[in-house]
């Protein structure tokens, strides 16, 4: 069954709100749980939580303006978002069975990666269907979350090393700069070989 442009975009918006609200609940709990962790981690999680709250508010505002989110639609979307995130977590190799902080940060990374690619899809949908307000929101939120993923990328190694040391393993904090350089290279090098958009086709 075909659907209208408005229906297609409104469906994406409702799903994004559900995903963001699900993430917000998890991050809020972590901010409380990890308040006794090193200040840099607590401050980073708090800043991330504020970003998620801002996204939730922005999505609610645009959904209300468009009359796009009946309560039952949002409720169903929240269930779908929870199922997707649970599935992603279950599919991951559990390298942190008894390591709450690294595991939670890994799950955060998974959730924000899902949100990032979802905003790529929303941006593409809005731009290709000429919906400028939604395209601008998607671009803004996408930029926020690329920064969040990079921030988690920087936090995770030190959290893992701290947990390994607590277990009595000889993990070397002196390796953190080398790890950071390796991660930076892993993220930056692929962009040197990305083909132009007209070279990429799924047709």
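The values are calculated or read from the model by the stated rules, or taken from the named source; none is laboratory data. Because the structure is predicted, anything quoted here is derived from the model rather than measured. In this analysis, Cβ positions are derived from the backbone assuming ideal geometry, glycine residues included, and neighbour counts consider all displayed protein chains.
The residues of region 133-158 that are farther than 20 Å from residue 15 by Cβ and more than 19 Å from the chain's Cα centre (by Cα) amount to a single one, 158.
Just one residue in the set 134, 120, 148 is crowded, with 17+ Cβ neighbours inside 10 Å and closer than 21 Å to residue 63 by Cα; that residue is 134. Per the conditions (1) assigned to a helix (DSSP H, G or I); (2) modelled with pLDDT under 95; (3) out of contact with any helix residue (DSSP H, G or I) (no Cβ under 7 Å at 6 or more places or on another chain), the sole criterion not satisfied by residue 140 is (2). Comparison of 17, 101 shows that the only residue that is surrounded by 14 or more Cβ atoms within 10 Å (Cβ to Cβ), under 20 Å from the mean Cα position of the chain (by Cα), modelled with pLDDT of 85 or more and on the phi < 0 side of the Ramachandran plot is 17. Within region 110-137, the set of residues being assigned to a helix (DSSP H, G or I), more than 21 Å from residue 49 (Cα to Cα) and touching a residue at least 40 places away in the same chain (Cβ under 8 Å) comprises 121, 122, 125, 126, 133, 134. From the list 126, 77, 96, the one residue that fits, being under 21 Å from residue 9 (Cα atoms), in contact with a helix residue (DSSP H, G or I) (Cβ under 8 Å, 6 or more places away or on another chain), buried (at least 17 other Cβ atoms within 10 Å of the Cβ) and at pLDDT below 60, is 77. Summed over region 32-45, residues that are surrounded by 15 or more Cβ atoms within 10 Å (Cβ to Cβ) and modelled with pLDDT of 80 or more total 4. On the basis of being at pLDDT 90 or above and under 22 Å from residue 41 (Cα atoms), does residue 175 make the cut? So residue 175 passes the test. Taken together, the residues in region 48-73 that are within 14 Å of the chain's Cα centre (by Cα) and either loosely packed, with under 13 Cβ neighbours inside 10 Å or at pLDDT below 85 (or both) amount to 1.
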